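The values are calculated or read from the model by the stated rules, or taken from the named source; none is laboratory data. Because the structure is a prediction, the values reported are computed rather than measured. FYI the Cβ positions are ideal-geometry reconstructions off the backbone, even for glycines, and counts take in every protein chain you see. Accessible surface areas use protein heavy atoms only, side chains included; no ligands, DNA or RNA. Shrake-Rupley method; radii C 1.70, N 1.55, O 1.52, S 1.80 Å.
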Amino acid sequence: MLTNPYINSADTLCISHTISNAGERIILPILAEFTTPWLELVGGRDPHAGAKALWKSMVSPQVVPGYSKVRWWSKAEIWFVKAENFSQLRPFVRLLQDRDIGDATTVKMATILRDHALTLQLELAAMLDVRCLVSTTYDLEGDRLEVLLVFRRIEELRALGRSLGANADGVLPNVDSVLRANAKLEKGLEIEKVFPGHGTFTASVIDWETCESTLYPGKQRTAFRVRYPADGAEEDFEEEELRPKIITRNMPERKRLADALAEAFTYLETRITGTCDAIYDCSVMYETCRLVQAFDPCFAAAHVTLQWIDDLTKVKPLGALVDFQKLKAQLPIYLQRAASFVVNYASVEDFSTSVLKWWRDNSDDQISEWSEAARIVFAIAPNSASCERVFSLLKLMFGDQQLSSLADYVQAALMLRYNERAVG
């Protein structure tokens, strides 16, 4: 908090930590139960060397991430690897038992895999479906132009949260895939099929019989007969044709998982709308992030107006240091130059490089006030990652043996290391 000694500073909260705190609100009981022995034996701070090496060999060439108690997303990264290699979990635990590794810890994991394998698989699949929580955390924790991307990225998360709250179709593709693969093919099972030019129609399984396969000529396969209640028409499907069409949105397990995941987004919503304790209120910061998109030339060309400039007065550093009448006078030239600018929003690195280059190429007297305002905005940090990185580097580089180091030496060494510049 710099607002007391520096009266024109912007008061921001770390958006990456906010998203991480949101992720911690996801409670998946079987996954949590399985994670405790896993971290003790395989993926925690002090794992069994044999168990860790075995798991690495079984998922190679995929990288096995480390674990940190203070970083929720490090736990999520471990879950992603397990989800993508779920078929290896049982063989892995059996090998641990064969090699007498883990004792009671291994027994605990084996028991969960025996009694709750499908639930564990579904909960891991659910985490894959909200992987964007982790990727967004990474995207917004650097020291580039994240401040221009916060609003766009968070709006994408909010849209996902609304879809989860509504248990919408397509919002949980990995969960749906597991549910369909494990659904019992029985009478009454509901499916949907798209008929081009006519729409989507539901049907239900009414019977099955063994007959000549249309997918595998010369083989006898089970064909499942479905009936469309809309017109009474019937159609036969083999299993490979039927499963992708199974309706999952009405399944209780899907609704449970959607509700559990939605908790993270509900928490995020309270933070950015200010419907939380004042100390956690991100609403002013979020409005700042919405408004400063004006300094993204691609966004500005389509959205920035004179009214937008008036609203920019809410951004404290700009309101105190920028001449808004000059901004308005220079707006037509800014928009004219920005009209042809395109940028890659998917990559924070590409976005930052492109936007900074545009401002370097266009910082002249004709839009001088916009250039000055851009410098102010680009100094606003929407996260604490950069300063935390400095503290980590200082701890790593200067221990007890370097207590007498001169300040200029510390500063130069830190700058070189932080910017990954080689000496010589």
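Numbers for the structure displayed
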quantity	calculated
Accessible solvent surface per residue of segment 179-224, calculated while the other protein chains remain in place, 1.4 angstrom probe, Å²	67
Label point distance in nm, R131-A407, each placed 7 Å from Cα along Cα→Cβ	4.8
Packing-based order for 129-135, 180-186, using average beta carbon neighbours within 10 Å, highest first	129-135, 180-186
Unit charges on C-beta of K, R, D, E only; dipole of segment 189-316, Debye	320
Value of [θ]222 nm, deg cm²/dmol, for the chain, DSSP H segments ≥ 4, -39500 (n - 2.57) each, nearest 500	-16500 deg cm²/dmol
Segment 129-236, relative contact order [Cα under 8 Å, separation at least 6], %	14
Accessible area (Å², 1.4 Å probe, nearest 10) - D259	60
Solvent-accessible area of K187 with every protein chain in place, 1.4 Å probe, in Å² to the nearest 10	130
Residue of P332, P29, P61 that the Gaussian network model of the chain assigns the largest fluctuation, springs spanning Cα pairs under 10 Å	P61
Probe 1.4 Å, accessible area per residue of segment 123-174, Å²	33
Net charge dipole size for the chain [Lys, Arg +1 and Asp, Glu -1 on Cβ; Debye, nearest 20]	620
Pairwise FRET efficiency - M397 versus E156, Cβ, R0 = 41 Å, nearest 0.05	0.65
The chain - percent of accessible surface contributed by carbon and sulfur, probe 1.4 Å	52
Where L306, L31, L416 fall by accessible area, highest first, once all protein chains stay in place (1.4 Å)	L306, L416, L31
Relative contact order [Cα under 8 Å, 6+ residues apart], the chain, whole percent	18
Segment 273-360 - accessible surface per residue (Å², probe 1.4 Å)	49
Segment D103-A230, length gained on full extension (0.36 nm per residue, minus Cα span)	39.9 nm
Solvent-accessible surface ranking, highest first, for K314, K75 at 1.4 angstrom	K314, K75
Violating pairs (Cα-Cα greater than 28 angstrom) within the set K108/K245; K52/K108; K52/K245; K219/K255	K108/K245; K52/K245; K219/K255
Fraction of antiparallel bridges per DSSP, the chain only, in percent to nearest 5	100
Normalised contact order of segment 31-103, rounded percent, pairs of Cα under 8 Å and 6 or more residues apart	24
Label point 7 Å beyond Cα of V63 along Cβ direction - residues of segment 141-175 with amide nitrogen under 17 Å	141-142
Ranked order, R290, R360, R152, R254 - accessible area, probe 1.4 Å, largest first	R360, R152, R290, R254
Those aspartates and glutamates that a straight Cα-Cα span of less than 17 Å connects to K316, excepting residues fewer than 8 apart in one chain	D11, D281, E287, E369, E372
